[in-house]
Structure formats: structure tokens, C-alpha cells
Amino acid sequence: MNANRLLPVAVLAIGIGAASVTLSQDKGMAHPMKPATIRLPVEGDVPSLGGAAGWLNSPPLTAAELRGKVVLIDFWTYSCINWRRSLPYVRAWAEKYKSRGLVVVGVHTPEFEFEKNVDNVRGAVKAMRVDYPVAIDNDYAIWNAFRNNSWPALYFVDVRGRIRHHHFGEGEYDKAEVIIQQLLSEAGVPGIGRDLVAVDPRGVEAAADWVSLRSPENYVGYERTENFASPGGAALGKRRVYAAPTRLNLNHWALSGEWTVEKEATVLNKGNGRIVYRFHARDLHIVMGPAVRGSPVRFRVLIDGKAPGVAHGIDVDEQGNGAVAEPRMYQLIRQPKPVADRQFEIEFLDPGVQVFSFTFG
């Protein structure tokens with residue numbers, strides 16, 4: 001996805017700043033292959049990393065200090081489902097090739113305000129087993145230096161500090177690893193081989209069911225939301241009691257109860273408020289958090305008016321019960337086949353939840 005967080009598709013850039021969109025159908029399990037050499041033209045020198053507000057897992061790194069190493073720059077933000085599904089591969093490459101001279105640098109450039117909180121990022125780094133260096137790019141200094149526009153985005157840098165390839169979005173994992181191998185071989189590292197990592201992503205990190213996916217990502221703050229269906233529309237920045245229609249069109253959503261629709265998120269003012277969303281996807285996630293740190297918000301999820309049962313996601317039980325304890329992405333539905341249009345409903349039993357976006361997979 002780009003800075004506007006597009007429909008979760010794989011985006012393969014042909015040149016920096018220009019991209020074409022294709023659906024990824026990676027199977028998740030990598031396999032040995034013997035590809036031809038990939039042409040890797042020089043795209044320019046790697047920009048400065050000096051704009052980082054701080055670093056995790058490492059002292060500050062500079063482009064000059066990284067000369068002599070093959071470097072993989074990974075732009076991410078921790079609530080992004082597209083990046084989460086690419087993480088198993090980046091994590092595996094970092095581990096496999098670290099001793100051969102590869103340095104993976106994660107550049108955390110936040111999308112939402114809560115992702116600027118370094119403690120939140122530090123907690124995500126630990127929970128997601130991100131062990132490689134992470135630059136905190138809260139001011140978008142590194143993002144802008146690269147002229148980047150996507151989460152995730154990978155930039156492949158050779159030992160002379162030159163960008164030789166880049167990839168926007170999910171997918172193309174076999175090709176990415178072959179490029180890493182090729183750059184290491186160019187650097188004179190012996191015995192790289194051609195076997196690829198074997199990755200079996202689980203939970204949130206599992207690849208999307210692209211064939212069944214009919215619902216794009218959507219925000220619920222007024223700045224970027226689409227298809228809001230509560231009668232009378234949204235009262236921007238004001239407390240209002242909303243009602244939800246009995247049935248929604250596909251990819252439309254509505255509120256019920258007293259909410260305030262703010263620029264970045266929609267906030268529940270009183271308990272027992274609901275959000276209803278009609279979707280078509282295997283997985284449904286919500287990016288949300290408590291308005292007050294340390295004040296969890298209980299919720300209950302229904303799908304087509306019933307408890308989710310075997311269709312529950314990892315953040316709810318079979319009865320649909322869960323709690324929002326921290327700002328992050330929550331997986332609420334993973335439905336078994338056949339995937340069809342479903343009406344999702346979440347009722348928050350306590351006030352004070354902030355809801356940012358829906359993502360699907």
C-alpha cells in the first residue's frame with residue numbers, strides 16, 4: 001500500500017516513484033530454485049539515514065558506515081497488515097544472511113499518531129520478533145529522502161552504497177531473496193548457494209486469500225473514509241447518536257450509538273456502541289486502541305448476527321468476546337471456506353475506544 005494505504009495488493013515498482021499493481025499469489029512456502037541472473041541497474045546512491053529520531057536494536061547507523069555491506073532497507077509501520085504479511089520473509093532473510101554480510105534495516109515510519117510513540121513501537125518490535133536495527137522515522141525524514149510512498153517497501157543496496165532494486169507491497173519473495181543472494185555474490189561472499197528460506201506464516205502473518213478478497217482497506221476517520229451508511233451522514237468532530245441500517249451494501253459501514261467522528265479515528269463516547277460492516281474476505285482486522293492508556297475496552301463480535309464460532313480471529317474467542325488493551329491491529333474474523341459476503345458487527349461494551357481502520361485478507 002502507498003501512503004494512502006491502498007487495497008492490500010502486491011505492488012511491484014518498475015522505477016522509483018512509479019508502480020504497477022498486481023495481485024500477489026505467493027503460496028507462503030518458499031522452495032529451492034535456480035533462476036537466471038537478474039538485471040540490477042543502479043538506481044542511485046542510498047540516501048542518508050541521519051533523519052532518524054532514534055534507533056532500536058542498534059546504535060545509530062549511517063549510510064557511510066554501511067558501505068561494504070549488502071543492505072536491505074524495509075519501510076514499515078506496525079499496524080500495517082501488508083507489512084505484517086511480509087515480515088516472516090524479512091525476518092528469515094535477516095537471520096539466514098546476517099553472518100554472510102547482509103544488514104537489514106527497518107525504517108519505522110508511522111501512519112497513525114499512536115505509532116509515533118516509541119514505547120508502542122518498542123513493544124511491537126518485541127512482540128513481532130523484529131531483531132534487526134530499526135530507525136524511528138517519526139518526521140518522515142528518511143521516507144522523504146528515499147521518495148518512498150509505500151508500506152511495505154524494500155530497497156536493495158549493494159556494498160558500494162548503491163540502490164540496485166526496490167519493491168513496493170507484498171509478494172515477489174523468491175525474487176527478493178535471489179537479489180540478496182546475487183548482491184552478496186557480487187560482493188565476493190563465497191558459498192551463498194541458491195536455496196531459498198522455507199517460511200510457513202501463521203496467524204496474522206499468513207498470506208491473504210487473494211482469490212476471495214473483495215473488500216479494500218477503509219478508514220473510519222473522516223479524512224479518508226468511504227461508504228459511510230448511517231442515515232444523515234457523519235457529524236464531523238461532533239458528538240452524535242447514530243443508527244445503523246438493517247442491511248448494508250458490500251463494503252459499506254455504519255455506526256450505532258454515540259460516537260465522535262474525528263479526522264484520524266472515530267471515538268465511542270458511551271458504552272454499547274456498535275460498528276457494522278459488510279465485507280467479502282477471509283480475514284477482517286481493525287486497527288483500534290483505548291483512548292486512555294491502561295483502560296481496556298471490552299467488545300463482542302458477531303458475523304451475520306451470530307457468534308463467530310470457528311470463524312473467530314486470534315483476538316477473539318468463539319463467542320466473539322475480546323478486549324482492546326493497546327493501540328494496534330486486531331484480527332477479529334478468519335472465516336473458513338466458502339468465503340462470501342458477510343455482515344460483521346462489533347459492539348463495544350465500554351466507552352473510550354478509538355477505531356482507525358478496517359483491513360482485510
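Taking a sphere under 10 Å around the Cβ of D158 and counting the other residues whose Cβ falls inside, with K and R at +1 and D and E at -1, yields a net charge of +4. Extension gain for the segment H280 to E262, taken as residue separation times 0.36 nm less the Cα-Cα distance, is 3.8 nm to one decimal.
The separation of segment 231-253 from segment 94-123, counted between C-alpha centres, amounts to 37 Å.
For segment 180-321, just say rounded, prolate or oblate: build the C-alpha gyration tensor, square-root its eigenvalues into a ≥ b ≥ c, call rounded for a/c under 1.5, and beyond that prolate if a/b exceeds b/c, oblate if not. Prolate shape, in that a/c is at least 1.5 and a/b is the bigger ratio.
Counting only DSSP beta bridges with both residues in segment 123-270, the antiparallel share comes to about 80 percent. Pairs with C-alpha atoms separated by more than 26 Å, drawn from the list K116/K263; K96/K116; K98/K175; K96/K175; K69/K175; K126/K270, are K96/K116; K126/K270. For segment 45-175, the Kirkwood hydrodynamic radius comes to 14.5 Å, computed from all pairs of different C-alpha atoms.
Using the empirical formula 2.2 N^0.38 Å as the baseline, the Cα radius of gyration of segment 34-113 reaches a ratio of 1.22. For the chain, the mean residue ellipticity at 222 nm estimated from helices alone is -4000 deg cm²/dmol, where every DSSP H run of n ≥ 4 contributes -39500 (n - 2.57) and the total is divided by all residues, rounded to the nearest 500. Simple rule: put +1 on each Lys or Arg Cβ and -1 on each Asp or Glu Cβ in segment 66-141, find the dipole, and look at G106, L66, M128; the Cα lying farthest toward the positive end is L66. Reported value for segment 248-361: 89 Å³ per residue, from the convex hull of its C-alpha atoms. A Gaussian network model of the chain, with springs between Cα atoms under 10 Å, assigns the largest mean-square fluctuation among G106, G320, G54 to G54. Per-residue surface analysis assigns K270 an accessible area of about 110 Å², computed on protein heavy atoms at 1.4 Å probe radius.
The values are calculated or read from the model by the stated rules, or taken from the named source; none is laboratory data. Bear in mind that the values here come from a model prediction, so they are computed numbers and not experimental data. Glycine gets a Cβ as well: all are built from the backbone with ideal geometry, and neighbour counts include every protein chain shown. Side chains are part of the model used for accessible areas, which takes the heavy atoms of the whole protein and leaves out ligands, DNA and RNA. Shrake-Rupley method; radii C 1.70, N 1.55, O 1.52, S 1.80 Å.
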